[in-house]
Amino acid sequence: MSMDDLNKLIEGGAETPNIDFKGTCPWDARSFAKDVLAMSNIADGGRLIIGIAEKPKGVFNREGVTVEDKKTYQIDVMRDQLTKYTDPFVEIAVYFVKDTADGKDYVIIRVEPFKEVPIICKCNDQMVGLTAGGIYYRNRNRRIESALVSNSYDMRDVIERAMLKMRYRALRIGYQLPPINDSDVVQSALDKQMAHLKGLQRERADL
């Protein structure tokens, strides 16, 4: 990835469902897990750009990543540590970009979208907002953030994409699938997932 590619990602100066900015920080699977989970469940996945700090009034400053923090982004270690939080495994890649104009370094973590089934959180950690069994998403019905799916629109998007991907896989390996009423299948799955989500929310309220 070149600096031109990075500039294209951040030229809007605002976070999106697929783009999240963070100031310089060392790799910590615990603090990154929720964002990785959420981006893996949206169309096209996403990118975490480290070295862009948010200032008051929503202004983002290109501060770069310190040498010490940059050294902590070791892809094999990162992948191993994320297995504690994600089911199934999430595909990630790491890119290092240097701005030749000022010498600042940036780290980009590319999170791939799930291949067939949504990525589910395996670990309970209320300190960082993780709930085992929960499906995380980049919510769009309010300020963009990584959080548990909280509405039927987002849940429907996740289920529909999973259903289509599994259907395509079945066709690729030679299965002949009968026609189905997609809306009925999605609605049934949606009802089950929303009931599960409400149960998780009640459990959290009781803690």
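Holding the Cα-Cα limit at 18 Å, pick out from K70/K104; K70/K122; K34/K55; K115/K165; K122/K165; K22/K115 the pairs that are longer than that. Spell out each step's value before the answer.
Numbers: K70/K104 11 Å; K70/K122 27 Å; K34/K55 22 Å; K115/K165 7 Å; K122/K165 22 Å; K22/K115 26 Å.
Beyond 18 Å: K70/K122; K34/K55; K122/K165; K22/K115.
Report the full-extension gain for the segment D99 to M3: residue separation times 0.36 nm, less the Cα-Cα distance, to one decimal in nm. Don't jump to the answer; show the numbers that get you there.
On the way: separation 96, 0.36 × 96 = 34.56 nm, distance 0.62 nm.
Value of the extension gain: 33.9 nm.
Give me, ordered by chain and number, the residues 5 or more places off Y73 or on other chains with an amide H under 5 Å from its own placed amide H.
Answer set, sorted by chain and number: W27.
Could you calculate the contour length gain from R140 to I173, that is, 0.36 nm times the residue separation minus the distance between their Cα atoms, to one decimal place in nm? Don't jump to the answer; show the numbers that get you there.
On the way: separation 33, 0.36 × 33 = 11.88 nm, distance 3.52 nm.
Gain in length upon complete extension: 8.4 nm.
Apply the Karplus curve 6.51 cos²θ - 1.76 cosθ + 1.60, θ = phi - 60°, to the phi angles in the stretch 64-79 and return the couplings in whole Hz, x for Gly and Pro.
Going residue by residue, I get x, 10, 5, 4, 5, 5, 4, 5, 7, 8, 9, 4, 5, 5, 4, 4 Hz, with x marking Gly and Pro.
How many percent of Cα pairs in the stretch 21-113 exceed 18 Å? Walk me through the numbers before you get to the answer.
Values: 1915 of 4278 pairs.
Across the stretch 21-113, Cα pairs with separations above 18 Å total 45 percent.
With r as the distance between the Cβ atoms of E63 and S152 and R0 = 41 Å, compute the FRET efficiency 1/(1 + (r/R0)^6) and round to 0.05. All intermediate terms of the calculation are to be shown ahead of the outcome.
Details: r = 39 Å, r/R0 = 0.95.
The formula returns an efficiency of 0.55 here.
No value in this document is a laboratory result; all are computed from the given coordinates. What you see is a predicted model; the values in this text were computed from it and never measured. Cβ coordinates were reconstructed from backbone atoms using ideal geometry, including for glycine residues, and neighbour counts include every protein chain displayed.
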